[in-house]
Amino acid sequence: MDQHHTFTVTPVNNEANLRDQSSGGRSPTLRVPVSTFDIDGEPTDTLTQNSITSLLSSKFRDVAKRWKQYGVDSPRFRKRIHSKWESMNYEEMDSQLTRKNREGKQSKKKLALEMLSSWVIYFFIGVGTAFLAAGVQISVELIAHQKFELIKDYFDKCDKEGCLYKPVLIWMGINAGITLVGAALVTYVQPMAAGSGIPLIKSYLNGVRVPGLLSLRAFISKCVGVVLSILGGLACGKEGPMAHSGGIMAAGLGKGRIPWFGKDINIYGLFRNDHNIRDLVAAGAASGVSAAFGAPIGGTLFSVEEAASFWNTELVWKVFFSAMIACFSTNVLLSAFEGHPTQLSNPGLVRFNVFPNLTFDLIEVPVFIFIATIGGLTGSLFVVMNYKLTVFRQKYLHRKKWIKVLEAGLVSAVSAVAAFLLMFSVNDCTEKHPYSHHAITTKLGCSGESHNSMSTMFLTTPEGCLKSLLHDPLEMYSVWSLVLFVVVFFLLGVWTYGLSVSSGVFIPSLAIGAAWGRLIGLGVVQLFPDQAKDVGKYALIGAASQLGGILRTTISLTVIIVECTGDITFGLCIMISLMISKWVGDFFTTGLYDMNVEVSGIPLLSWEPPPLCEDVHVSDFMSQPVMTLLSVERVGHIYDCLSGESFNGFPVIEQDPNYDLMYRGKLKGIILRHQLLVLLKKKMFCPEGQLPAASITLKDFENPYPVPQRLKIQDIELSDADKQCVMDLTPYMNLTPYTASISFSMPRVFRLFRGLGLRHLVVVNDNTEPIGMVTRKDLAKYRAEIKKGMLHMEQLT
Ligand code: ATP
């Protein structure tokens, strides 16, 4: 970056610095401007080097310096925190109303009924996800088989007649046609269905509201879209989308409401709050992974490790139950489809199948470590290339919807051409029979009994390709075939991930890793022909390392792969390779999902607080002055607050009569924007000294769930007389909000947010008067500020 580069900052709230509301005599710390660079670098304000230096308080600079000195790894892709992302209300309300409601529920019968219905819902999440997974699998397998048979027939015919352009054109046409439909579905119906969905599910479970993520439109686009993406020949899998679809189904079952053409079909409303829906979505995601891989333990751990943030034993048990039901039901359904319902031989959509000889010698461990290191390196390369492409797409391609659709069509057509060129140019002929009886092969340039070996990898779905690479005989693929396959499939994988289609990255990553793992295996067999006779296990370690290098998930991936292979003896090798590939990868970049989250500007809170920030205190990053409401408040003032600010939480105070200054007093509770909106809508106010005529129950607050998409301040009409009325907030506000004193350190606040799933933290002084407000964005932004501060200072001096 040159000396003249400008900085983009949002203006510092000067008012905050002017009004130090008795922060215990501490001088107000200059707040660092938020979110510097936009992804497309468009400034709102520009500052020179000097002005940014003066804006950074010495404390922030110290921390930045220490980060640099200790070589602390900071997120590399974060560009901004986008204000559009709101938080969920995972914290349970503790108001007079909820207390009364809880007392009414104390009867044993009611509690038992509630518990039973929750188990029934978890059961149906498992069954529903299984039906979904089986439906997707059966449609993909049936149609894909027909497609590849047709292409093979044309290849065989045209190989002799010299009309090879025909099958290529047909292949391209089929691919592009199907993908265009899939991409249009996602782009125009619900863009939230694009990609694997796991980064967004992860953000949702972390506490970020993602509008449209759990909608019916997203469900249809995701399920139909993933079938079309695979049939369209894209380098993608259906496992990520399965987790997302499982999550949507779980949320739908929990809400008991189907939004249908703008109308709601209400069934029941037992679980209709953020807290319960979050738990159900975690179960849905776990069931999706479980059904996809036939790995209930792996699915549960995936939900714990990758997605969910708040856990307790009972929740893990329920999630595991759903995952187990999903795995079992998928097995029954797929086995029934194959005509042997009682044999139960299809526990998941992707099976790595049995390796006949999955034992290892200790002297092989260095080879596995070498493979894992390559996995970490290539994984980081994948993430970096995909990041560059994502930025390019956001800048130039994704401004118009039709361009997104066109790009997807182009990638699928190119995938067909690339496959043909590889099959044709390498012309690797073999007489060996592929491992799978269903494999489709073509002669294409081969004579006699032999067939084109590369066709086994390309005339099939990505899952089929993975199985071939893991299990096909040793001599099946030449070195050149594997090298070219890795290069081409890697590039196609990078290009495909991030397209506006429903697609997962698990299977292509595994296939890429299996191919280069096999290549290394061939080398080992050449070097030690007496010891090594099989390349399958090297392909397996390669697959695991590649996936680990891209995703950086360790525990769940180890368990998923062990469950998929059904062999625990090899578990240690898989674990070591995943661990090393993660370490190597983390040295260069964050994982693919985290990169996605960062690029989208989602305020996700990681497991650990930012390092070396122990002496940064809450006063350094809280917002002040706080916008508060009185416990008995004038309606006009509430209306003005809601229209004037977008805040979602307002501390409620009791006015201290000793102060002339308005809105100063002890904290009594906190009330959320959506509660105020419901209260205004229901006209829960009255002229001063009277009681409101209307009444309200807890259901009224839950019914408009999810509120932000439904009720807005603009929807509420109030007359001048209404605005003169007063509203008593005491029965509805949260009576026990979490508070912090001014001396709380950053890591402490971070852990409070992360551990309790907080949305708002009120900072109070010694007299319990609110003097500051902290939200998740304040914490997430902090990391970005430090990073930007450090980076720019570093580059400019
Ligand atoms: P969320 O978006 O997480 O639902 P929110 O809308 O209340 O919560 P943010 O959007 O994170 O809050 O708020 C943006 C900024 O406003 C943050 O810096 C936050 O500290 C500040 N803020 C939030 N509520 C108040 C308030 N009542 N008074 C003053 N500042 C506030």
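Kindly evaluate Gly571 against the criterion of being at pLDDT 90 or above, part of a helix (DSSP H, G or I) and of a type outside the set (A, V, I, L, M, F, W, C). Can you show your working first?
Details: at pLDDT 90 or above: no; part of a helix (DSSP H, G or I): yes; of a type outside the set (A, V, I, L, M, F, W, C): yes.
Taking the combined requirement at face value, the residue does not satisfy it.
Within the set of pairs 6+ apart or on separate chains, which have a first residue in the range 91-103 that is within 20 Å of Arg759 (Cα to Cα), a second that is modelled with pLDDT of 75 or more and surrounded by fewer than 14 Cβ atoms within 10 Å (Cβ to Cβ), and C-beta atoms under 6 Å apart?
Pairs that qualify, where the first residue is within 20 Å of Arg759 (Cα to Cα) and the partner is modelled with pLDDT of 75 or more and surrounded by fewer than 14 Cβ atoms within 10 Å (Cβ to Cβ), are Asp94/Thr736.
From (1) modelled with pLDDT under 80; (2) in contact with a Phe, Trp or Tyr (Cβ under 9 Å, 6 or more places away or on another chain); (3) under 13 Å from Glu633 (Cα atoms), pick out the condition that doesn't hold for Gly689.
(2)
Can you tell me which residue within the range 592-609, out of those that are away from the ligand (no atom under 13 Å from the Cβ) and in a loop (DSSP other than H, G, I, E, B), is modelled with the highest pLDDT? First the steps, then the outcome.
Initial filter on the range 592-609 (away from the ligand (no atom under 13 Å from the Cβ)): 592-600, 606-609.
Of the ones still in play, those that are also in a loop (DSSP other than H, G, I, E, B) are 600, 606-609.
On the way: Ser600: 84, Ser606: 78, Trp607: 76, Glu608: 77, Pro609: 80.
For the range 592-609, the residue satisfying everything is Ser600.
Which is within 13 Å of the ligand (Cβ to nearest atom) and within 30 Å of Gln655 (Cα to Cα), of Ser623, Ser643? Walk me through it before giving the result.
Details: Ser643 fails: within 13 Å of the ligand (Cβ to nearest atom).
None of the other options fit; the residue is Ser623.
For Val140, state whether it is surrounded by 19 or more Cβ atoms within 10 Å (Cβ to Cβ), in contact with a Lys or Arg (Cβ under 8 Å, 6 or more places away or on another chain) and of a type in the set (Val, Ile, Thr).
yes
From the list Ser619, Ser623, Ser581, which one is more than 30 Å from Asp722 (Cα to Cα), under 23 Å from the mean Cα position of the chain (by Cα) and hydroxyl-bearing (Ser, Thr, Tyr)?
After applying the criteria, what remains is Ser581.
If you scan the range 75-92, which residues turn out to be farther than 11 Å from Val597 by Cβ, at pLDDT below 70 and either in contact with a strand residue (DSSP E or B) (Cβ under 8 Å, 6 or more places away or on another chain) or more than 16 Å from the ligand (Cβ to nearest atom) (or both)?
Matches in the range 75-92: Arg76, Lys79.
Any residue at all in the range 564-575 that's within 16 Å of the ligand (Cβ to nearest atom) and surrounded by fewer than 19 Cβ atoms within 10 Å (Cβ to Cβ)?
Within the range 564-575, none of the residues are within 16 Å of the ligand (Cβ to nearest atom) and surrounded by fewer than 19 Cβ atoms within 10 Å (Cβ to Cβ).
List pairs: first in the range 631-649 and under 22 Å from Thr739 (Cα atoms), second within 14 Å of the ligand (Cβ to nearest atom) and assigned to a helix (DSSP H, G or I), Cβ under 6 Å, 6+ apart or cross-chain?
Cβ pairs passing all conditions: Asn648/Arg673.
Considering only the range 760-782, how many residues are within 8 Å of the ligand (Cβ to nearest atom) and either free of Cβ contacts under 8 Å to residues at least 60 places away in the same chain or of a type in the set (S, T, N, Q) (or both)?
Qualifying residue count for the region: 1.
Only one of these conditions is not met by Leu612: (1) at pLDDT below 80; (2) within 14 Å of the ligand (Cβ to nearest atom). Which number is it?
Looking at each condition in turn, Leu612 falls short on (2).
I'm told Gly521 meets every condition in (1) buried (at least 24 other Cβ atoms within 10 Å of the Cβ); (2) without any contact (Cβ under 8 Å) to a residue 40 or more places away in the chain; (3) not in a helix (DSSP H, G or I) except one. Can you identify the failing condition by its number?
The single condition Gly521 does not satisfy is (3).
Kindly evaluate Val584 against the criterion of being surrounded by 18 or more Cβ atoms within 10 Å (Cβ to Cβ), more than 15 Å from the ligand (Cβ to nearest atom), within 30 Å of Leu680 (Cβ to Cβ) and not small (Gly, Ala, Ser).
Against the criterion (surrounded by 18 or more Cβ atoms within 10 Å (Cβ to Cβ), more than 15 Å from the ligand (Cβ to nearest atom), within 30 Å of Leu680 (Cβ to Cβ) and not small (Gly, Ala, Ser)), Val584 does not qualify.
With respect to Leu444, is the statement that it is surrounded by fewer than 23 Cβ atoms within 10 Å (Cβ to Cβ) and either without any contact (Cβ under 8 Å) to a residue 60 or more places away in the chain or at positive phi (or both) true?
Taking the combined requirement at face value, the residue satisfies it.
Filtering the range 482-537 down to residues that are farther than 21 Å from Gly298 by Cβ and of a type in the set (Lys, Arg), which residue is nearest to the chain's Cα centre (by Cα)?
Step by step, filter the range 482-537, then rank; the result is Arg518.
Search the range 201-258 for residues being under 18 Å from Gly498 (Cα atoms) and charged (D, E, K, R), and hand back the single one that is farthest from the ligand (Cβ to nearest atom).
Going through the qualifying residues, I end up with Lys238.
Can you list residue pairs whose Cβ atoms sit under 9 Å apart, with the first residue in the range 486-514 being on the phi > 0 side of the Ramachandran plot and the second being assigned to a helix (DSSP H, G or I)? Count only pairs 6 or more apart in sequence or on different chains.
Pairs found: Gly498/Asn386; Gly498/Leu389; Gly498/Thr390; Gly498/Arg393; Gly498/Asn596.
Looking at the range 610-639, which of its residues are within 30 Å of Thr554 (Cα to Cα) and part of a helix (DSSP H, G or I)?
None - no residue of the range 610-639 is within 30 Å of Thr554 (Cα to Cα) and part of a helix (DSSP H, G or I), so the list stays empty.
Here are some conditions: (1) within 13 Å of the ligand (Cβ to nearest atom); (2) modelled with pLDDT of 85 or more. Ser631 meets all but one. Which one does it not meet?
(1)
The values are calculated or read from the model by the stated rules, or taken from the named source; none is laboratory data. Everything numeric in this text was worked out from a predicted model, so none of it was measured. Backbone-built Cβ (ideal geometry, glycine too); neighbour counts: all protein chains shown.
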